[in-house]
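Peer 1: Before I ask anything, let me first share the structure, which is written out below as structure tokens.
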Amino acid sequence: MGFSKDIAFDTDRLHFEIVSEKYKQDIFDALTPVVAKFLPFVPTGKLEDTQGFIDYSLGQLEKGLDITLVASNKATGEFIGCCGLHDINDESISLGIWLKEAAFGKGYGTELIKGLEDYTKYNLDVDYLIYNVEKDNSGSIKIAEKLGYVYHNSFVRNISEEKVLNMLQYRKPNAKK
């Protein structure tokens, strides 16, 4: 029950397509410690680990578990960040995003989430959407609240001895087509 590698769609300013080797260097360069602060992994500074991320993402796509996408500026083609539909099941989908530092504060995060919501609305039959954010990530919390997500619960993600994330889970019913 895998998904197609040809998934692509647009929003007002952004183009979304399945993550691929074409974006390996962009992803590697953009995944700074500042960007990764609230993400569930620690950047290693090794290009081969970026390849591992791409390979893993494509494997999850083939299994029908995740859809990991790259977002680029529709007008210029500039890499903006990555996003995805994760933990896909009949009941829910978890939305995730990250932006390169130069894209912070420009409304791209909201546009990414709305793009994922619209894709889900027309292509996947689930009851609700989940948006997990780290409790200190005020930008992502603002996105969740602006788009009508409601706080559901909190949990802790132990990433490593050095990195523990205190997560807030927001939920929103999936507006079906």
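Peer 1: When you check GLU62 against the structure, is it closer than 26 Å to LYS24 by Cβ, among the acidic types (Asp, Glu) and in contact with a Ser or Thr (Cβ under 9 Å, 6 or more places away or on another chain), yes or no?
Peer 2: no
Peer 1: When region 50-82 is examined, which residues are found to be over 16 Å from the mean Cα position of the chain (by Cα) and surrounded by 21 or more Cβ atoms within 10 Å (Cβ to Cβ)?
Peer 2: Listed by number, the list is empty, since nothing qualifies.
Peer 1: What are the residues in region 46-85 that are closer than 20 Å to ASP6 by Cβ, among the basic types (Lys, Arg) and out of contact with any strand residue (DSSP E or B) (no Cβ under 8 Å at 6 or more places or on another chain), if any?
Peer 2: The answer is LYS63, and nothing else.
Peer 1: Mind checking whether some residue in region 122-129 is surrounded by 19 or more Cβ atoms within 10 Å (Cβ to Cβ), in contact (Cβ under 8 Å) with a residue 40 or more places away in the chain and not in a helix (DSSP H, G or I)?
Peer 2: yes
Peer 1: Looking at VAL19, VAL34, which is the one that is within 17 Å of ALA103 (Cβ to Cβ), surrounded by fewer than 12 Cβ atoms within 10 Å (Cβ to Cβ), out of contact with any Phe, Trp or Tyr (no Cβ under 6 Å at 6 or more places or on another chain) and touching a residue at least 24 places away in the same chain (Cβ under 8 Å)?
Peer 2: VAL34
Peer 1: From the list GLY81, GLY115, GLY139, exactly one residue is touching a Phe, Trp or Tyr at 6+ places or on another chain (Cβ under 8 Å), closer than 20 Å to ASP12 by Cα, without any contact (Cβ under 8 Å) to a residue 60 or more places away in the chain and not hydrophobic (A, V, I, L, M, F, W, C). Which is it?
Peer 2: GLY81
Peer 1: Hey, among the residues in region 139-177 that are part of a helix (DSSP H, G or I) and of a type in the set (A, V, I, L, M, F, W, C), which one's farthest from VAL34 (Cα to Cα)?
Peer 2: ALA144
Readers should treat all values here as calculations from the given coordinates under stated rules, not as data from a laboratory. Just so it is clear, the structure is predicted and the values come from calculations on it, not from any experiment. Note that each Cβ is placed from the backbone with ideal geometry, even for glycine, and that neighbours are counted across all protein chains shown.
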